[in-house]
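The values are calculated or read from the model by the stated rules, or taken from the named source; none is laboratory data. Every value quoted in this text rests on a predicted model; they were computed, and no experiment measured them. Glycine gets a Cβ as well: all are built from the backbone with ideal geometry, and neighbour counts include every protein chain shown.
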Amino acid sequence: MSPPSRRPALLIIDVQEDFCPPNGSLAVPDGRSILPTINTLLALPFPPHLKIATKDHHPPTHVSFHTSHNPPLQPFTSTITIANPNNPNETYVSQAWPVHCVVGTPGNDLADGLDVDKIGRVVLKGRDPRVEMYSAFRTPLRNPPLETENGGELAKILLEEEVTDVVVVGLAGDYCVKASAVDCVEIGRELGKGWRCWVVEEGVRSVGGEEGWEEAKRVLEEKGVAVVRLDAVKEQF
Ligand code: VGL
Ligand code: ZN
């Protein structure tokens, strides 16, 4: 049992068919092997509606797709400079990806084998075709944390539910999991809440494999995210 002062949420990032081998268009190496860990976490006593899954939910032409550019870019290796749709002088550098998680396609579905009956709520991300969105909380433009147009929904839930701790798993460790966990700590701080963030290592796989994960882990720990093993979470929550 968790002490009464704690109110934990489980955040399952982008565990979707397109990020899983063998058929996903942006398959993360070994990505499907995280399912047992996530299903174990889903069976722990988190408040049911705070077992939250996010989905990367892109329209057919999204700025992050290599095919959305003319001439088309190289998936995985080309960088893209993306402008703020509301202020073209403000830009950020991102990366070109294979077409993935398009709304209405099988690759957008939550991964087969995930215990979806225990998921209390789904938050969609990456819906704006003009904006990359790795973090489930907000875009790289770092919009105000509660602005609903791009993200905002997740921070609002954590705030309204008086969440204290956020346990994070999913795909990919070196992209959307990393960005979401870092934002969880930073936005928690911005809102004066100090959300504690825990990333469960067995519940994460990375685009860059183990090397990608080691680098992501370094950033996470530097930002104040606790990277832990499943056993530690089982004991605490
Ligand atoms: C992701 C690349 C592009 C992720 C999403 O979920 O990590 N990576 N879109
Ligand atoms: Zn995406």
inquiry  = I want to confirm something. Restricting to the stretch 22-32 and keeping residues that are surrounded by 14 or more Cβ atoms within 10 Å (Cβ to Cβ) and either in a loop (DSSP other than H, G, I, E, B) or more than 17 Å from the chain's Cα centre (by Cα) (or both), which single residue is nearest to ligand 2 (Cβ to nearest atom)?
reply    = Leu26
request  = Return a yes/no flag: does the stretch 51-58 have any residue that is surrounded by fewer than 16 Cβ atoms within 10 Å (Cβ to Cβ), more than 11 Å from ligand 2 (Cβ to nearest atom) and not acidic (Asp, Glu).
outcome  = no
inquiry  = Please pick out the residue among Val102, Val93, Val131 that is crowded, with 19+ Cβ neighbours inside 10 Å and either among the basic types (Lys, Arg) or at pLDDT below 95 (or both).
reply    = Val131
message = Yes or no: the stretch 184-202 includes at least one residue that is part of a strand (DSSP E or B), within 16 Å of ligand 1 (Cβ to nearest atom), touching a Ser or Thr at 6+ places or on another chain (Cβ under 8 Å) and within 17 Å of Phe19 (Cα to Cα).
response = no
message = Is it the case, given these coordinates, that Cys176 is within 16 Å of ligand 2 (Cβ to nearest atom) and either touching a residue at least 40 places away in the same chain (Cβ under 8 Å) or among the β-branched types (Val, Ile, Thr) (or both)?
response = yes
task = Being part of a strand (DSSP E or B) and touching a residue at least 24 places away in the same chain (Cβ under 8 Å) is the filter; apply it to the stretch 88-118 and report the residue that is farthest from ligand 2 (Cβ to nearest atom).
result = Glu90
key: Unique match (being under 27 Å from Gln95 (Cβ atoms) and not polar (S, T, N, Q)) among Gly194, Gly120, Gly209   = Gly209
request  = Kindly indicate the residue of the stretch 108-128 that is small (Gly, Ala, Ser) and crowded, with 17+ Cβ neighbours inside 10 Å and also nearest to ligand 1 (Cβ to nearest atom) among those meeting that condition.
outcome  = Gly126
note = Selection from the stretch 212-237 of residues crowded, with 18+ Cβ neighbours inside 10 Å and basic (Lys, Arg) yields Lys217
message = Residue pairs, Cβ under 9 Å, 6 or more apart or interchain, first in the stretch 23-51 and among the acidic types (Asp, Glu), second modelled with pLDDT of 95 or more and surrounded by fewer than 16 Cβ atoms within 10 Å (Cβ to Cβ). List them.
response = Asp30/Pro21; Asp30/Gly209
